[in-house]
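The values are calculated or read from the model by the stated rules, or taken from the named source; none is laboratory data. Values in this document were obtained by computation on a predicted structure and should not be read as measured data. Backbone-built Cβ (ideal geometry, glycine too); neighbour counts: all protein chains shown. For the accessible areas, the whole protein counts, side chains as well, though only heavy atoms, and no ligand, DNA or RNA atoms are used. Shrake-Rupley method; radii C 1.70, N 1.55, O 1.52, S 1.80 Å.
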Amino acid sequence: MTRNSREANPQPVDAALVPRFGSIPTFMRLPHVSDPAKLDIALIGVPWDGGTTNRAGARHGPREIRNMSSFMRKVHHVSRIAPYELARIADLGDAPVNPIDLMDSLGRIEAFFAKVHAAGTIPLSAGGDHLSTLPIFRAIAKERPIGMIHFDAHSDTNDRYFGDNKYTHGTPFRRAVEEGLLDPKRTIQIGIRGSIYSADDMKFAEESGMRVVYMEEFAKIGVERVISEARRVAGSGPTYISFDVDGLDPVYAPGTGTPEIGGITTLEAQTILRGLQGLDLIGGDVVEVSPPFDPSGNTALVGATLMFEIMCLLADSFASRRAR
């Protein structure tokens, strides 16, 4: 069969035949595949929180998101996108990490995603803390800087922590801009809020050209305007979606390391994501799900559902590019 033969597309385990609590847990109950060249979209875990500065635990996020992704079904109920009919999608397993060596982990994660990128496969990952996005960008954005639609309570464009430490979950997008991986003028940050370390904490994001939608503006202009802004900023170029679950109000996602009250609702987040259909999307991630702070499992369910929403967008974008 050819790479894109519909008959060859992996399919989830049918919950009407095998109960959701049965079989080995994988993202969306899809097969586990070890060769990215066999896939169009690879679902990947990044079980690492070496960039966390306070409440660790996001290293356990991928495993719990896999568990909760058993609730996902085959077709999006609003867009009617059937991702497994549009693209070959499976669980590629976890990127290798070193829990006691930050720099080694960055290298390991980058090398893993470089192989995915070299195979022409679109990555969709579950973290892990937000620093894990930086090595992913190093792997997929070497040819040209990419745009980003970023959901978060925090800009993640700080410079240094604890002296001269340049690599934490609060610095990835400053580093990505400095390294020529991320185009700040094609970057929008949605849901930014919370107290800051100093009055100029947001200076880099604003002066570099990022479109920062603070939560106060979000509440004022509404979801539809935010969608329009995201589409305008992203434009027609290659764009990555990065979703930190602390962008949501902690009533919806308490299991995260740096919660900030007054955030986005899950329905607002889903509506915005659905409004991004048709953009040139080349990857995505859901990060900062921290199971130790998530006793009910609700945050992991939110993470799995957001992954499904993004997966549908990536499958639709992949199919549109293939049809050209």
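Taking the Cβ of Ser34 as the center, what net charge do the other residues with Cβ under 12 Å away carry, scoring Lys and Arg +1 and Asp and Glu -1?
On the way: positive: Lys38, Lys115; negative: Asp35, Asp91, Asp94.
Summing Lys and Arg as +1 and Asp and Glu as -1 gives -1.
Please state the charge dipole magnitude for segment 129-188, taken about the Cα centre, from unit charges on C-beta atoms (+1 on K and R, -1 on D and E), reported in debye and rounded to the nearest 20. Don't skip to the answer; put the middle values down first.
Values: 9 positive and 9 negative charges, 38 e Å.
Dipole about the Cα centre, nearest 20: 180 debye.
Find the accessible area per residue for segment 189-237; the probe is 1.4 Å, ligands and nucleic acids are left out, and the unit is Å². The partial results should precede the final answer.
On the way: 2680 Å² over 49 residues.
Accessible area per residue: 55 Å².
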Subject >> Point-to-point label distance, Lys166-Ala8, nm (Cα→Cβ direction, 7 Å offset) >> reply: 4.2
Original post:
Which FRET efficiency value, to the nearest 0.05, is calculated for Asp35 and Ile196 with the Förster distance at 45 angstrom and r the Cβ-Cβ distance?
Top reply: 0.50
Subject >> For the chain, calculated [θ]222 nm from helices alone, where every DSSP H run of n ≥ 4 adds -39500 (n - 2.57) >> reply: -9500 deg cm²/dmol
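Using unit Cβ charges (K, R positive; D, E negative) and no other charged atoms, how large, in debye to the nearest 20, is the dipole of the chain about its Cα centre?
Working: 35 positive and 40 negative charges, 241 e Å.
It comes to approximately 1160 debye.
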**OP:** Just list whichever of Lys38/Lys203; Lys74/Lys220; Lys115/Lys203; Lys142/Lys203; Lys166/Lys220 have alpha carbons separated by over 32 Å in the model shown.
**Re:** Lys38/Lys203; Lys74/Lys220; Lys115/Lys203; Lys166/Lys220
Original post:
Among Gly284, Ser228, Met28, whose Cα sits farthest toward the positive end of the charge dipole of the chain (+1 at Cβ of Lys/Arg, -1 at Cβ of Asp/Glu, about the Cα centre)?
Top reply: Met28
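On the accessible surface of segment 94-135, probed at 1.4 Å, how many percent belong to carbon and sulfur atoms? Spell out each step's value before the answer.
Details: 850 of 1430 Å².
The nonpolar share, carbon plus sulfur, comes to 60 percent.
By how many nm would the segment from Arg20 to Arg63 grow when fully extended, if each residue of separation counts as 0.36 nm and the alpha-carbon distance is taken off? Write out the running numbers ahead of the final one.
Working: separation 43, 0.36 × 43 = 15.48 nm, distance 1.51 nm.
My answer for the length gained is 14.0 nm.
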Original post:
Which value, in debye to the nearest 20, describes the size of the charge dipole of segment 117-164 about its Cα centre when Lys and Arg Cβ atoms bear +1, Asp and Glu Cβ atoms bear -1, and nothing else is charged?
Top reply: 240
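Summarise the long-distance tail of P(r) for the chain by giving the % of C-alpha pairs beyond 31 Å. Walk me through the intermediate numbers first.
On the way: 11785 of 52326 pairs.
Counting every Cα pair in the chain, those more than 31 Å apart make up 23 percent.
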Original post:
In a GNM of the chain with a 10 Å cut-off on Cα contacts, which of Leu30, Leu17, Leu134 has the highest mean-square fluctuation?
Top reply: Leu17
**OP:** Could you give the spread of the C-alpha atoms of segment 65-216 along their three principal axes, from largest to smallest, in whole angstroms?
**Re:** 49, 38, 32
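Evaluated at 25 °C with a viscosity of 0.890 mPa s, what Stokes-Einstein diffusion coefficient in µm²/s does segment 217-290 have when Rh comes from the Kirkwood expression over alpha-carbon pairs?
Working: Rh = 13.2 Å.
Roughly 187 µm²/s, to the nearest whole number.
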**OP:** Answer with one residue from Ser132, Val75, Gly163: the one whose Cα lies farthest towards the positive end of the charge dipole of segment 44-195, charges on Cβ with Lys, Arg +1 and Asp, Glu -1.
**Re:** Val75
**OP:** Just the number, please: Stokes-Einstein D of segment 17-119 in µm²/s, Kirkwood Rh from C-alpha pairs, 25 °C, 0.890 mPa s.
**Re:** 161
Original post:
In terms of the ratio Rg/(2.2 N^0.38 Å) built on C-alpha atoms, what value belongs to segment 150-289?
Top reply: 0.99
Original post:
Restricting to the chain, what percent of DSSP beta bridges are antiparallel, rounded to 5?
Top reply: 5
Original post:
Using the alpha-carbon centroid of each, what span in Å lies between segment 232-247 and segment 300-324?
Top reply: 13
